[in-house]
Amino acid sequence: MTDQPDRWSQATVYPDMWADPDDDPRNSDGPSPEGEIPTYDDYLTDYRTTLLMKCDGLDADQLARRSVPPSTMSLLGLLRHLAEVERDWRTWIDGEPLAKLYGRRDADFDDVVADQAQVDDALADLAHEQSLTDAALAAHPDPAERLVKDDISVRE
């Protein structure tokens, strides 16, 4: 028996990292992207990947577990919330308000239950919303272009 707590990650090289550098899909030994939009794309991909890495291998109960009561924060809630965020970003791009995926405000967190079907739906919703956001952004390659909602620029 050791004084060390159970491992909370797969990392073995550096104990304070989530994944070993050779196994981390976010790592690249090559040069950074060239240009503003490719750099944004790279950062967004890394942030999206990070959440999926944190959820990988967890069951429905672990994903639905609240962080600290009375908070409703959970990893499953974050998956659902970020699907809503992607959807909201398209409102900024296209100016067309979209209905909430999960109903009323905060339902993305409040209505989380430890059910594999809900996990599968949340992952599918997130992937779908991300692909729609990516397609909407691809139609606006100029980072200085002003978009419909509040005359915000693509880079914003």
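The values are calculated or read from the model by the stated rules, or taken from the named source; none is laboratory data. The model shown is predicted, which means the values in this text are computed figures rather than measured ones. Every residue, glycine as well, gets a Cβ built from its backbone with ideal geometry; the counts of neighbours run over all protein chains shown. Heavy atoms of the whole protein, side chains included, go into the accessibility calculation; ligands, DNA and RNA do not. Shrake-Rupley method; radii C 1.70, N 1.55, O 1.52, S 1.80 Å.
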Expressed as an acute angle from 0 to 90° and rounded to the nearest 10, what is the orientation of the C-alpha long axis of helix 36-55 relative to the principal long axis of the chain?
-> 30 degrees
With the other protein chains left in place, how much accessible area per residue, in square angstrom, belongs to the chain at a 1.4 angstrom probe?
-> 67 Å²
In Å², nearest 10: area of VAL113 left accessible to a 1.4 Å probe = 80 Å²
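Which order do you get for MET53, MET73 if you rank them by accessible area with a 1.4 Å probe, largest at the top?
Details: MET53 35, MET73 80 Å².
Highest to lowest solvent-accessible surface, that is MET73, MET53.
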Compute the acute angle (0 to 90°) between the alpha-carbon long axis of helix 116-138 and the principal axis of greatest extent of the alpha-carbon atoms of the chain; round to the nearest 10°.
-> 30 degrees
Exposure of THR45 as accessible area (Å², to 10), given a probe of 1.4 Å and all protein chains | 70 Å²
Please list ARG87, ARG104, ARG26 in order of solvent-accessible area, largest first, computed with a 1.4 Å probe with all protein chains present.
-> ARG104, ARG26, ARG87
Highest-fluctuation residue, LEU126, LEU51, LEU79 considered, GNM on the chain with Cα pairs under 10 Å | LEU51
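Could you look at the chain and say what percent of its accessible area is carbon and sulfur, using a 1.4 Å probe and all protein chains? Please list the in-between numbers first.
Working: 5520 of 10380 Å².
It is 53 percent, rounded to a whole number.
Note down the net charge around ARG104, summing +1 for each Lys or Arg and -1 for each Asp or Glu among other residues with Cβ under 14 Å from its Cβ. Write out the running numbers ahead of the final one.
Details: positive: ARG80, LYS100, ARG105; negative: GLU84, ASP106, ASP108, ASP110, ASP111.
After counting each charged neighbour, the total is -2.
How do GLU145, GLU129, GLU96 stack up against each other in accessible area, from largest to smallest, with a 1.4 angstrom probe? Can you show the working numbers first?
Values: GLU145 60, GLU129 5, GLU96 120 Å².
The ordering from most to least exposed comes out as GLU96, GLU145, GLU129.
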Zone of ASP121's modelled label, taken as backbone nitrogen in the range 27-61 under 16 Å from a point 7 Å along Cα→Cβ = 60-61
Over the range 47-156, calculate the relative contact order: mean separation of alpha carbon pairs under 8 Å at least 6 apart, over the residue count, as a percent.
-> 29 percent
Could you tell me the accessible area of LEU137 in Å² (1.4 Å probe, neighbours in place), rounded to the nearest ten?
-> 60 Å²
